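Laboratory data are not the source of any read-out in this text; all were calculated from the coordinates shown. Please read these numbers as outputs of a predicted model, since none were measured by experiment. Positions of Cβ are generated from backbone atoms using ideal geometry, with glycine treated the same way; all protein chains shown enter the neighbour counts.
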Amino acid sequence: MAEIVIRNLRKEFGAFTAVEGSSFTIRDGEFFMLLGPSGCGKTTTLRMIAGLELPSGGEILIDGEDVSQLPASRRDIAMVFQMFALYPHMNVRRNISYPLVSQGVARAEVQAKVAEVARILGITDILDKPVGGLSGGDRQRVALARAIVRRPKAFMMDEPLGALDAEFREHMAEELRALHDRMGATTVYVTHDQLEAMQMGDKIVVMNHGVVEQFGTPQDIYDHPATLFVADFIGSPSMNFLRFQGALAAGDSAVRLGEVSIATPEVQVATGPRDLVLGVRPEHVTLSDAAPYRGRILASEYLGTSQIITLDCPHGTVKARVPSGQGVRSGETVGLSFRSGTLSLFDAATGRALR
Ligand code: ATP
């Protein structure tokens, strides 16, 4: 069991604030992603949960107990760094046994636990081999076995697949997720790769400049980004932003882009006149001659089953993901329609979604 509650967590390094009052809850058994660009405070947050860094303020509760000031050794959390770091002079069995042996666990128990994790990871037949000659995948599995053999309350993983090439990385991501599903241990995973976060995570915290921008399921975050930053960071190509001025009344279900009315989800809260941003995902744009909102085709990029069309529109550049069979010509002017239920509206000044 390990539910981890983060409340107003802060970290200052001298005058610099790396983490500014984060709050979120990691439920027992979740695969939980800390996502954001380089320098946003992900690693610092992870290290504070593991006890490798003490917070400047706020609380970390593990199963209800405030561990904020406890040393790492008393938190029962395993930190998994880049998984390739094996002890080269030991064979596979000794690599996996090491965390138990160094804690003074009895020999018979060590043997039983090593046999069990080797079975879970499918590496029983290589236990007596030297680590030197192993394939990349097997090295990764051995390193994982060593991390899980102790059965800690939770795992902290900092970009564990960072050093791998794209294809192998995807394969190991699937294995890691499958392993998590078999073991059910709470896992906190740091990545700057939004696709990895979306594919692997039960929940995602998106951070930027030390601040939590949004916390939710991958689908929540993709469909209902809370800020312009999240809307831009998640999705590839990212969400299109159409900038315009207007005022919204509660109950409105359309906005005006110039002369054209665009249907949107119903507005809940009125706003005075201001700079607004309409957010549209590329897959929610369709091109049709009849649509009154017009754009000029700048370029097209062929992706096999779909193509990305870039258009110059009166309120910004728009990328549309359309079927690759649809014939388009550069320079041509076409109509664009936006699937109404999927649009987002943001206040340009605050960057926050208007709902
Ligand atoms: P990356 O993916 O690049 O590691 P990150 O989101 O994990 O980024 P952190 O490593 O948490 O970011 O760092 C957040 C900020 O805090 C960075 O600007 C970093 O330079 C700063 N920082 C981290 N550790 C220290 C430290 N020990 N002393 C001073 N500044 C630090």
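Observations
- The trypsin sites (Lys or Arg not before Pro) found in segment 267-336 that occupy coil by DSSP, while having at most 15 further C-beta atoms within 10 Å, are R329.
- Sites matching GluC sites (Glu not before Pro) across segment 261-355 that sit in DSSP coil, with at most 16 neighbouring C-beta atoms within 10 Å: E266, E332
- By the beta-carbon count within 10 Å of each Cβ, the least crowded to most crowded order of T45, T271, T310, T191, fewest first, is T271, T310, T191, T45.
- Cβ crowding within 10 Å ranks S23, S253 as S253, S23, fewest other Cβ atoms first.
- Taking the C-alpha atoms of segment 207-352, convex hull volume expressed per residue in Å³: 119
- Fraction of antiparallel bridges per DSSP, the chain only, in percent to nearest 5: 75
- Estimated 222 nm signal from helices in the chain, with DSSP H stretches of n ≥ 4 weighted -39500 (n - 2.57), rounded to 500: -7000 deg cm²/dmol
- Rounded to two decimals, the Cα radius of gyration of segment 1-129 over 2.2 N^0.38 Å is 1.28.
- Sparsely packed trypsin sites (Lys or Arg not before Pro) within segment 18-118, loop by DSSP, other Cβ within 10 Å at most 13: R27
- Computed over the alpha-carbon atoms, the chain gives an Rg to Rh ratio of 1.07, Rh here being the Kirkwood radius from the mean inverse distance.
- The calculated Kirkwood hydrodynamic radius for segment 71-147 is 12.8 Å, given to one decimal from all distinct C-alpha pairs.
- Footprinting exposure proxy ranking of D275, D76, D158, fewest other C-beta atoms within 10 angstrom first, gives D275, D76, D158.
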